[in-house]
Amino acid sequence: MSGDKVKQEFGVLIRAWGPDDEPGEARHHEYVVDAIDEDEAKEKAADEAKNNFVHGIVGTRDSYEVLEVENYGEVPA
C-alpha cells in the first residue's frame, strides 16, 4: 500500500465578513479537519464554516478567505 495517501490533520484559519459589517470588521475561526492534502483541507474547512450551525461563521451573503493552513501531522490509525 505504498501508493496510498495518508490522512493528515490540518488547522485552517478562515476570515469571514458580510455586507452588514463595518469596513475592516471580520470574524475569524480555526477549523481542524482531516484531509489528504491542503486543498482538500481548505474545502472541508470552508464547508464547515458555511454549514456548521454551531461553529459556522460564513452566512449566505458573506464573503470569506482562507488565511492560513497548518499541517498538524498524520491522523493516528
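Here, each number is a calculation from the coordinates, and none is a lab measurement. In this text, all values refer to a predicted model and were calculated from it rather than measured experimentally. We place every Cβ from the backbone using ideal geometry, glycine too, and count neighbours over all the protein chains shown.
Taking the stretch 16-55 as the range and being under 23 Å from Val75 (Cβ atoms) and among the small types (Gly, Ala, Ser) as the test, the residues that pass are Ala35, Ala41, Ala45, Ala46, Ala49.
Is it the case that His55 is in contact with a strand residue (DSSP E or B) (Cβ under 6 Å, 6 or more places away or on another chain) and free of Cβ contacts under 8 Å to residues at least 40 places away in the same chain? Spelling it out, it is not the case that His55 is in contact with a strand residue (DSSP E or B) (Cβ under 6 Å, 6 or more places away or on another chain) and free of Cβ contacts under 8 Å to residues at least 40 places away in the same chain.
Does Val69 qualify as being in a strand (DSSP E or B) and surrounded by 15 or more Cβ atoms within 10 Å (Cβ to Cβ)?
yes
Of the residues making up the stretch 31-46, those that are assigned to a strand (DSSP E or B), among the aliphatic types (A, V, I, L, M) and either within 8 Å of the chain's Cα centre (by Cα) or within 15 Å of Leu67 (Cα to Cα) (or both) are Val32, Val33. Contact map, the stretch 4-23: residues that are within 17 Å of Glu70 (Cβ to Cβ) paired with residues that are assigned to a loop (DSSP other than H, G, I, E, B), Cβ distance under 7 Å, separation 6+ or inter-chain. Pairs shown: Lys7/Ile36; Lys7/Val75; Gln8/Val75; Glu9/Val75; Ile14/Ile57; Arg15/Ala26.
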